[in-house]
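Right, one structure below, let's go through it.
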Amino acid sequence: MANLRKNEPDYALLRDEPAPETNRYGMATDLAARSGLPVGESMHINGDAGVGETVNRNRQHGFYFKADNCIGCHACEAACSEKNDLPPHIAFRSVGYVESGAWPAVTRLNISMACNHCDDPVCLKGCPTRAYTKFAEYGAVLQDPDICFGCGYCTWVCPYNAPQLDTGAGHVQKCNMCVDRLEAGLKPACVAACLGHALDFGVIETVPPGRTGCDVAIPGFPDPAITRPNIRFEVDRPLGKRFTRTDSVPLAYRGTGKAASYRAEPDRARLDERRRLGFSRLSSRENPLVLFTLATQATLGAFALLFLAQMLAGLEGFESARALAQLAATPAYGWGLLVLLGLQAGALVLSTLHLGRPHRFYRGFNNLRHSPVSREALAISVFFAALGLHWLAIVTGPAPRGLGLLPGALNQPVASVAGGLALLAGLAGLGFMVRIYRIPARPFWDHPQVAYAFFGTAATLGAGLIALLWLGAGAAGLALPSPAIASALGLVIALGLAIEGLGLVLHARAMRRKGGEGALAHHEQTHAFAGAYGVRGGLLALNGMAALTLALWPPTGAALPALWLALVASLTLSALIGRALFYVLVIPTTMPGAFFWRNRGFEAHARATGLADRPQSGLAPAGH
């Protein structure tokens, strides 16, 4: 615990006052009663087994911020960084600002923001390693960097940019509510250091002395319904109808008519209307995830088509299934499964290398109860293992597909059960993969288009992968050219591309209508990345027509492999562009930044000029 000095000033001490029983969300402020956790236990802060004697220790606490008093001195940032010994590129608390009006009648509104220790902490639910804990003591949401393996998913789902991914150290850190000070009866360091008494702290819903307001809305603050944050704002001076950000994100906030409630919208005056190619900006830190998602979806799609074809081949009216089943009945099936296993193994390695601490990948299964990341990891792992068992049963079974090492009576049940498990686990993994990206804090992703894209890609790339296996088997003499196979694969590819195209149309309409960060990301898509977006759309249409042509009029002779290779190459290029755009375009619902700190424009300038190499610039290393 922190040491309480004899001459500690009153403004640094926690208040002892009656606390409400419920907060504005209808949830009990007594967290021990709400969660059923025991009271009076030690938090073991820094190994200290003592128990604090703070009044209301088990009630939800939170920060209070009066914007009228904030002078933008950044003393709260400095106190927080000093107390937690943070590197220059990490800040648990930061001060940004928005502006309203025109010179000389300009209103500047400073906003000091840290973790809000929410009632519904999405970081806790999203973290696959269970590095987060919501404590009954003070309602603090604490994160353990030693447990974290650096996936960064909590930084995606948090609307306030509270968790900080230290790419150099390979883990996430965040505000810990200064629980060591709270146990000693002291307010957090940032509150004690505030020169203008803009920050205060106490049991939530208890209005501090000298305050009159207790709102959960201020210009620039994301929708509180996402996490039910424990922060309260007060602004007594009249506010303008519209505020703009002063960082490089061209967003504005327009009043909704409710007190201090504002809705985000693109700042038309600052939008760059020039149309650019955008290909040079497609690369990002998420490149391993681009390859992982595409490879996994291709593997799953190919296996699902081949396995379902064998199941449906005996039914009336499934001529296409019978054609693919004929391919699965040849020795090429075993070799094809081996290729799928190799591709999926490579995808799993890529997903692991994306972590800040790859050697701790096994912790990704720790939060199956809440985290879609944990569920996806388990489902894909089961898919991979079951696919391997299915392959083993096939290659050790009787000819023509196998080596005759197992009798048919044993081979077929094992192959069927393992294949069925692989299919179910793969589909579940694809569903959880979609769920990972349906994040309210990232409006550009929070749309059914994610499902359209992922399932459509599984169909197109899966069928394209089968086409490559079929051509390779034909060249090796393991399978014969078949117009029926070409027709079946062409129809599947055309259907997958139609699903993707429909999703893009619906997504574009929804983003324009929705406004805010989603509309801004769509504007970036059609302007800053207009070339890449146009090529991707053109390839979708071209590939769809080519696939239908190959389905309805399958070629023969030497033209067959050439046309299929060209189509698969075009499908792969289109998928790579589309998935890269998916990651680089998303704009999260973060709090407004300042001119240097948390300003994407300054970050790009610093990296281009070499300033980013200097620690004092406050920029994290680009990779890990």
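Structural remarks
- So residue 572, is it on the phi < 0 side of the Ramachandran plot and at pLDDT 95 or above: yes
- Subset of the range 368-396 (residues that are surrounded by fewer than 22 Cβ atoms within 10 Å (Cβ to Cβ) and not in a helix (DSSP H, G or I)): 368, 369, 370, 396
- Count of residues meeting criterion [free of Cβ contacts under 8 Å to residues at least 24 places away in the same chain and crowded, with 19+ Cβ neighbours inside 10 Å] in the range 422-433: 0
- Close contacts from the range 489-513, counting a first residue that is farther than 17 Å from residue 445 by Cβ and a second that is buried (at least 22 other Cβ atoms within 10 Å of the Cβ) and among the polar types (S, T, N, Q), with Cβ to Cβ under 6 Å and a gap of 6+ residues or different chains, come to 493/460; 496/460; 497/460; 497/543.
- Given (1) under 22 Å from residue 271 (Cα atoms); (2) touching a Leu at 6+ places or on another chain (Cβ under 9 Å), index of the condition residue 589 fails: (2)
- Qualifying residue in the range 188-198 (condition: over 29 Å from the mean Cα position of the chain (by Cα) and under 22 Å from residue 30 (Cα atoms)): yes
- Residues that are surrounded by fewer than 19 Cβ atoms within 10 Å (Cβ to Cβ), more than 22 Å from residue 611 (Cα to Cα) and not acidic (Asp, Glu), drawn from the range 76-108: 84, 101, 102, 103, 104, 105, 106, 107, 108
- Among the residues of the range 80-105, the ones that are over 30 Å from the mean Cα position of the chain (by Cα) and polar (S, T, N, Q) come to 1 in all.
- From 314, 342, residue being in a helix (DSSP H, G or I), without any contact (Cβ under 8 Å) to a residue 24 or more places away in the chain and closer than 27 Å to residue 482 by Cβ: 342
- None of 347, 321, 325 is assigned to a helix (DSSP H, G or I) and either of a type in the set (Ser, Thr, Tyr) or closer than 30 Å to residue 145 by Cβ (or both) except 347.
Per-residue answers, yes or no, for (1) farther than 22 Å from residue 297 by Cα; (2) surrounded by fewer than 17 Cβ atoms within 10 Å (Cβ to Cβ):
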{"residue": "435", "(1), (2)": "no, yes"}
{"residue": "453", "(1), (2)": "no, no"}
{"residue": "474", "(1), (2)": "yes, no"}
{"residue": "485", "(1), (2)": "no, no"}
{"residue": "494", "(1), (2)": "no, no"}
{"residue": "529", "(1), (2)": "yes, no"}
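- Of all the residues in the range 230-248, those that are closer than 14 Å to residue 590 by Cα and under 25 Å from the mean Cα position of the chain (by Cα) number 3.
- The residue that is farthest from residue 444 (Cα to Cα), counting only those in the range 241-260 that are buried (at least 18 other Cβ atoms within 10 Å of the Cβ) and small (Gly, Ala, Ser), is 260.
- So residue 265, is it touching a strand residue (DSSP E or B) at 6+ places or on another chain (Cβ under 9 Å) and either surrounded by fewer than 21 Cβ atoms within 10 Å (Cβ to Cβ) or under 29 Å from residue 117 (Cβ atoms) (or both): yes
- Residue that is surrounded by the fewest Cβ atoms within 10 Å (Cβ to Cβ) [pool: residues in the range 531-574 that are assigned to a loop (DSSP other than H, G, I, E, B) and touching a residue at least 60 places away in the same chain (Cβ under 8 Å)]: 556
- Residue 502 being assigned to a helix (DSSP H, G or I), surrounded by fewer than 24 Cβ atoms within 10 Å (Cβ to Cβ) and assigned by TED's automatic domain parsing to the domain that holds residue 556: yes
- Matching entry among 148, 123 (being surrounded by 24 or more Cβ atoms within 10 Å (Cβ to Cβ), outside any loop (DSSP other than H, G, I, E, B) and at pLDDT 95 or above): 123
- Only residues that are part of a loop (DSSP other than H, G, I, E, B) and either touching a residue at least 60 places away in the same chain (Cβ under 8 Å) or surrounded by 21 or more Cβ atoms within 10 Å (Cβ to Cβ) (or both) were counted in the range 210-240, giving 19.
The values are calculated or read from the model by the stated rules, or taken from the named source; none is laboratory data. Everything numeric here is computed off the predicted structure, so don't read it as measured data. Positions of Cβ are generated from backbone atoms using ideal geometry, with glycine treated the same way; all protein chains shown enter the neighbour counts.
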